[in-house]
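First comes the structure, then the notes that go with it.
The values are calculated or read from the model by the stated rules, or taken from the named source; none is laboratory data. Keep in mind it's a predicted model, so treat the numbers as computed, not measured. Here Cβ is always computed from backbone atoms with ideal geometry, including for glycine, and neighbour counts include all displayed protein chains.
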Amino acid sequence: MSKPLQHVMCQHYSEFCVSGMNCETDINECETYMSLCYNDAVCVNLPGTYSCRCSVGYLGEHCDVANCSLGQCVNNGTCHIDDGKWSCDCPEFYTGIIFCDIFTIVVLVLLSLVVIICYFPIKSAVIEFHIQTD
C-alpha cells in the first residue's frame, strides 16, 4: 500500500513566493499586495518577486525616497523636499504643476486670445476651393 502524498512547503527564493507543490506557480505580488510601490510608481511582477518603476523624483526599492538630484525642475527652478515629497519653486515668468516647464507669458497670451475670441467673435468667411481635373 502506498503512502498518501504529503504537501511539501514551497521554498521561497524571495520575501514573496511562488506557490504550488513544486513552486511552479508565480504569485503576482503587484495584484496581491496593492501598495508595494509608492509615489505613483509602477509595480512590475517578476518571477518570485516584483520591482518598482519609480516616477520622476523618487528613488529606492519602493520609490519612497524623494530626491532632488535628478534635475526635475527645469528653467532654473529650485527643487526642495517637504514631508517626503519634492516640489519646485519656479523662477519669475515660469510655472507648471510640477516642473516649472510653462512660460507664463505664453499662457497669458493664449488666455487673452480665448477671451478676445469669446467676446468678439470673428465673422466666418466661406472659402471655396475648385479642383481642376484634366
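Assessment of the stretch 83-101 against the conditions (part of a loop (DSSP other than H, G, I, E, B), among the charged types (D, E, K, R) and in contact (Cβ under 8 Å) with a residue 12 or more places away in the chain) yields at least one matching residue. Residues considered: C88, C52, C43. Of these, the only one that is touching a helix residue (DSSP H, G or I) at 6+ places or on another chain (Cβ under 6 Å) and either surrounded by 10 or more Cβ atoms within 10 Å (Cβ to Cβ) or at pLDDT 80 or above (or both) is C43.
Looking only at residues in the stretch 28-62 that are among the hydrophobic types (A, V, I, L, M, F, W, C) and either assigned by TED's automatic domain parsing to the domain that holds Y94 or not in a loop (DSSP other than H, G, I, E, B) (or both), the one that is nearest to the chain's Cα centre (by Cα) is V42.
Only one of the numbered conditions (1) over 16 Å from the mean Cα position of the chain (by Cα); (2) not assigned by TED's automatic domain parsing to the domain that holds C100 is violated by C79, and that is (2).
Taken over the stretch 46-101, the criterion of being among the aliphatic types (A, V, I, L, M) and within 26 Å of E31 (Cβ to Cβ) is satisfied by L46, V56, L59, V65. Within the stretch 63-82, the set of residues being outside any loop (DSSP other than H, G, I, E, B) and either touching a Lys or Arg at 6+ places or on another chain (Cβ under 8 Å) or surrounded by fewer than 19 Cβ atoms within 10 Å (Cβ to Cβ) (or both) comprises V65, A66, T78, H80, I81, D82.
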